[in-house]
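The values are calculated or read from the model by the stated rules, or taken from the named source; none is laboratory data. As the structure is a computational prediction, the values presented were derived from the model and not from experiment. Cβ placement follows ideal geometry from the backbone for every residue including glycine, while neighbour counts extend to all protein chains displayed. SASA here: full protein model, heavy atoms, side chains in, ligands and nucleic acids out. Shrake-Rupley method; radii C 1.70, N 1.55, O 1.52, S 1.80 Å.
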Amino acid sequence: MCGISAVALKEGTVGSAIYDCLTKLEYRGYDSVGEATISNGELMIKKDKGKIAEVENELQLSQLPGLIGIGHTRWATHGAPSKENAHPHTDCKSTVAVVHNGIIENFLPLREELEMTGHILRSKTDTEIVAHLVEAELRSGKNFVESVRSAVKRLDGAYALAIICTAEPDKIVCVRKESPLVLGIGKDGNYCASDIPAFLSKTNRVILLEDGEIAVVTSNSVKILNIEDGIEIIREPFIVEWNVERAAKTGYAHFMLKEIHEQPLSVRNAARTHSMFLDLMAGEIMRAKKIFLVACGTSYHACLGAAYAFSTLAKLSVTPVVASEFTDMYGGLIDNATVVLAVSQSGETADTLSAVRGAKDRGAIILGITNAMGSSLTRLSNVYIGQNSGPEMGVAATKTFTAQYTVLVQLVIASARKRQVITKQELERLESALSQLPNSVSLSLLQEGRIIQIAERFIDKSSFCFLGRGINVATALEGRLKLLELSYLPAIAYPAGESKHGFISVVEQDYPVVFVAPRDETYTKIIGNIMEMKARGARIISLVDEQDKDVVNLSDETIKLPSGIPSALSPIVYVVPLQLLAYHMAVKKGNNPDFPRNLAKSVTVQ
Ligand code: AGP
């Protein structure tokens, strides 16, 4: 998730107008930044690795001359943060410049084709191919807008683009397909950006661009066309009443709530992990004698869930380990037949990096799953995958949990396919459920009203317990962590079967016990555990399949979730209500869910 902005001014210096917009989009990405403007018919570009303010100090982006230009603040997905990979990207003759947010899935074959026809590509990004495709169309005699329209028809994936071209220096061509893009109609000129906050201090007259549309923006006009047939679409602006801070949260009260509601998008992005990287990782896993999944906190819970899936789907025994215990517990067993798969959204967690370095020194293969391209974990990994969730501002991990788990499940499926231990039917069922996952998560989010009621009813409770079985032990642990770190309640979590070996002594009249109870292979046993808790007077809050009857009849409160979710994917759907419960409990207790006490977003000390 990057931030793009484009500005067409009637007068003034566009460099500073673009810079101002980018500063309001920094929450979308901040590992590299750049701008391109057209002045005296020339393309002027400044870009580099680093945060917006750092690059401004170094390059004075805001001084770029001209009346028209584009800008970008990056969250790397393809190609680590560097000056070459920073946007804008240009064509061979530096006459076309492009900024992009999203993922172009077929960039590799298009890149090969362009290189075969003599184009020189300078970066490792998927984005740069767009500049060269437009260049090729221009060379064939098409005008700028038609060149862009033909070029984007060749792209697969998600993209929001803003493009300028010296041949028609008064125009910005913007394109939207499954990545957000909005237009701002101003008095001093017109704007285009990934999000409203970018230009809200200049204008609150907004037009939303829909998927499959192109906008041709000049300083005094905006024209919207359909990509497919080029037909013009008339759409009136609407007025936005938000202030900039509220807009950055796109109307949500906190970043955490915004990020919980972003999960259909971040899960979809994660579900688009390139098969090339999954196969590379699965190949390493296949060759290994010992496989460890190493992480901390929420990332460890994703690993725990994945360990169940590796065992049930890929018939592989992998060991999930809390990173700070890894070296003490397994340090001496690591060798060059060992794979350590480390998971870290920040890619900078000291405990995880220390475990990885120790294993690497003993010859282990390091695989990494992270949300931060260019992070230490990517540099230590033999193969790594970016989960592409975009920056997570809330300290409590939410969208990064569901995204990293979505990547892990795809890795399990790739390993099962490689080991030929999964039937074609099962593969098809899992792949269809994966493609449906964004919808399933959206349905789960619709339970928010119900969860607010439950939070109100249990706000005075001094403790909670979360129980799950099988793969949803991980979900129960994650639910507990969210409530604990945000409401500061000493919440407890257990594998439900283990609860009768100790925890049950804590249960008394009206003690709240949350059960993660999908209708999977653990269903009958979890009914037994519910009965045990009810017999001691517990208040039962259950997350159930919408078709459920038996658990519903035993529960005081139920949250109904979509049916037909394969067990291996259920943590992604069943964790969402627990994230919302923790959020609403925290808000009702007057805590700031974005910055809980004593915690840091990335724990860089051991
Ligand atoms: C989760 O909400 C916490 N922020 C924390 O437990 C976190 O998951 C842990 O510190 C690991 O962080 P990482 O994924 O960046 O390595």
For region 475-598 the translational diffusion coefficient, Stokes-Einstein from a Kirkwood Rh over Cα pairs at 25 °C and viscosity 0.890 mPa s, in µm²/s, is roughly 163
Go through L333, V175, A136 and say which Cα lies farthest out towards the positive end of the charge dipole of the chain; charges sit on Cβ, +1 for Lys and Arg, -1 for Asp and Glu.
L333
At a Cα cut-off below 18 Å, give the lysines reachable from K589, other chains included and same-chain residues fewer than 8 away excluded.
K461, K482
When the chain is fully extended, how far beyond the present Cα-Cα distance does K142 get from A253, taking 0.36 nm per residue of separation?
35.3 nm
In nanometres, what is the gap between the two model label sites at Q425 and M276, each 7 Å from Cα along Cα-to-Cβ?
3.6
Taking every pair of distinct Cα atoms and averaging 1/r, then inverting, what Kirkwood hydrodynamic radius in Å comes out for the chain?
25.3
Global form of region 57-188, assessed from the alpha-carbon gyration tensor, a/c cut-off 1.5:
rounded
Mind checking which aspartates and glutamates have their C-alpha under 18 Å from K124, skipping anything on the same chain fewer than 8 residues away?
D31, D48, E84, D91, E105, E112, E113, E115, D156
If each residue of separation counts as 0.36 nm, what is the full-extension length gain between Q63 and E113 once their alpha-carbon separation is subtracted?
14.3 nm
Taking the Cα centroid of region 69-138 and of region 312-333, what is the distance between the two, rounded to the nearest whole Å?
40
Assuming a ≥ b ≥ c are the square roots of the Cα gyration tensor eigenvalues, decide whether region 29-87 counts as rounded (a/c under 1.5), prolate (otherwise, with a/b larger than b/c) or oblate.
prolate
Checked against a 31 Å limit on the C-alpha separation, the offending pairs among K424/K525; K51/K223; K93/K177 are K51/K223
Percent breakdown of C-alpha pair distances by 10 Å bin, ordered from the shortest bin, for region 557-606
20, 34, 29, 16, 1
I'd like to know which of A53, M373, S487 lies farthest towards the positive end of the charge dipole of the chain, counting +1 on Cβ of Lys and Arg and -1 on Cβ of Asp and Glu.
S487
Could you tell me which GluC sites (Glu not before Pro) in region 1-47 are loop residues by DSSP with no more than 13 other beta carbons within 10 angstrom of their beta carbon?
E11
Positive-pole candidate from A248, A350, V294, dipole of region 230-355, charges at beta carbon:
V294
Rolling a 1.4 angstrom probe over the protein chains, ignoring ligands and nucleic acids, what is the accessible area of M276 in square angstrom, nearest 10?
80
Taking square-rooted eigenvalues a ≥ b ≥ c of the alpha carbon gyration tensor, is region 301-414 rounded, prolate or oblate, where a/c under 1.5 means rounded and, failing that, a/b exceeding b/c means prolate?
oblate
On Cα atoms only, tilt of 448-457 relative to the major axis of the chain in degrees:
40
7 Å from Cα along Cα→Cβ at both Q436 and A53: what's the point-to-point distance in nm?
4.8
Please give the solvent-accessible surface of L293 in Å², to the nearest 10, using a probe radius of 1.4 Å with every protein chain present.
0
Can you pull the accessible area of F595 for me, 1.4 Å probe, Å² to the nearest 10?
130
For the table K24/K142; K249/K601; K315/K360; K290/K560; K153/K249; K83/K171, the rows whose alpha-carbon distance is greater than 29 Å are K24/K142; K290/K560; K153/K249
Using +1 on the beta carbon of Lys and Arg, -1 on that of Asp and Glu, and nothing else charged, what's the dipole of region 516-596 about the Cα centre, debye to 20?
300
For V552 and K290, what is the calculated FRET efficiency with R₀ set at 51 Å and r taken between the beta-carbons, to the nearest 0.05?
0.75
Tally the DSSP beta bridges in the chain and give the antiparallel ones as a percent, rounded to 5.
65
Cα-centred dipole magnitude for the chain, charges only on beta-carbon of K, R (+1) and D, E (-1), debye, nearest 20:
920
Between helix 399-418 and the chain: long-axis angle, C-alpha atoms, 0 to 90°, nearest 10:
80
R0 of 45 Å, Cβ-Cβ distance S462-S354: FRET efficiency to nearest 0.05:
0.80
How high is the relative contact order of region 3-80, in percent, with contacts defined as C-alpha pairs under 8 Å that are six or more residues apart?
45
Projected label distance in nm at I234 and D211, using a 7 Å step from Cα toward the beta-carbon:
2.7
³J(HN,Hα), Karplus 6.51/-1.76/1.60, whole Hz, each residue of region 261-271, x for Gly, Pro:
7, 7, 4, x, 6, 5, 5, 5, 4, 5, 6
Within region 506-581, list the chymotrypsin sites (Phe, Trp or Tyr not before Pro) lying in a DSSP loop whose Cβ has at most 11 other Cβ atoms in a 10 Å radius.
none
Largest first, how would R235, R379 line up by accessible area (1.4 Å probe)?
R379, R235
Could you list the GluC sites (Glu not before Pro) in region 155-237 that lie in coil according to DSSP, counting only those with at most 11 other Cβ atoms within 10 Å of their Cβ?
E228
Given a cut-off of 16 Å, what percent of all Cα-Cα pairs of region 276-365 lie beyond it?
51
Region 355-421 - charge dipole about Cα centre, Lys and Arg +1 at Cβ, Asp and Glu -1, debye rounded to 20:
280
To test your reading of the geometry: what angle, between 0 and 90 degrees and rounded to tens, separates the Cα axis of helix 14-23 from the longest principal axis of the chain?
0
